[in-house]
Amino acid sequence: ALELEKQLLNKTLDLKQQLLADISHELRTPLTVLKLHIESLEHNLVENPKQSYKVLNRRLDTLNTLIKDIYELAQADTGSLNLALERVNAKQAFIGLVED
């Protein structure tokens, strides 16, 4: 029984490490995109700065959503997550996904 608990603990730790690696990757990707857009704006390499600012804003929203999701996962893990049902405009949600 003790060996089984040890194996379970090791598996849990491995999964936690993988989750942290995945989270790191998911955060790094939008940060890299933001950095490239900002550098392009700094060096006047962008033909349409207004469009670039819109992209930056969307990427920041995406990053904010990722961070919020991570926070909610942490709350769910501790049992302190409060869920509430709400109506969602599916068409708008899918349009937003396609635009990104």
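Every number in this text was worked out from the coordinates using simple rules, so none of it is lab data. Fair warning: this is a prediction, and the values are worked out from it, not measured in the lab. Here the Cβ positions follow ideal geometry from the backbone for every residue, glycine too, while neighbour counts run over all protein chains shown.
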- What's the percent breakdown of Cα-Cα distances in the chain across 5 Å bins, shortest bin first? 2, 10, 12, 15, 15, 14, 11, 8, 6, 4, 2, 1, 1, 0
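For each pair in Lys16/Lys91; Lys54/Lys91; Lys16/Lys68; Lys35/Lys68, compute the distance between the two Cα atoms and list the pairs where it is over 30 Å. Don't jump to the answer; show the numbers that get you there.
On the way: Lys16/Lys91 35 Å; Lys54/Lys91 21 Å; Lys16/Lys68 18 Å; Lys35/Lys68 21 Å.
Those over the limit are Lys16/Lys91.
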- Taking Cα pairs closer than 8 Å and at least 6 residues apart, the relative contact order of the chain in percent is 23
- Message: Could you identify which residue out of Val46, Val55, Val33 has the top mean-square fluctuation in a GNM of the chain using Cα springs shorter than 10 Å?
- Response: Val46
- Item | Inter-label distance for Arg28 and Val98, nm, one decimal - labels placed 7 Å from Cα along Cα-to-Cβ | 3.3
